[in-house]
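Everything on this sheet refers to the single structure shown next.
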Amino acid sequence: MSIDRTRRPVSARDKAEALFSAATPKVAPPAVKRPAVPGARELVSLRIDSDVLEHFQSEGPGWQDRVNDALRRAAGL
């Protein structure tokens, strides 16, 4: 009788993960991006120089709107 050495011992966690993976449906990402809502804003992460950030924040609340307005003017929008 030969011993199959290719198989490794499987922990309870490995077994549970294998069962969960098999039971979890694979969902494909949407092929087409949904149309944007007019006037909607999107949350993004943006790296800007600290002095630029301090300039906009120094005027108090609403600094994000002021940054947005400045970017729209710079983009010609």
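Here the average projected area of the convex hull drawn through the C-alpha atoms of segment 11-77 stands at 9.7 nm².
Given their separation in residues at 0.36 nm each and the Cα-Cα distance between them, ARG47 and LEU77 gain 8.7 nm when the chain is fully extended.
The numbers here are math on the coordinates, done by the rules we state, and not lab data. Everything numeric here is computed off the predicted structure, so don't read it as measured data.
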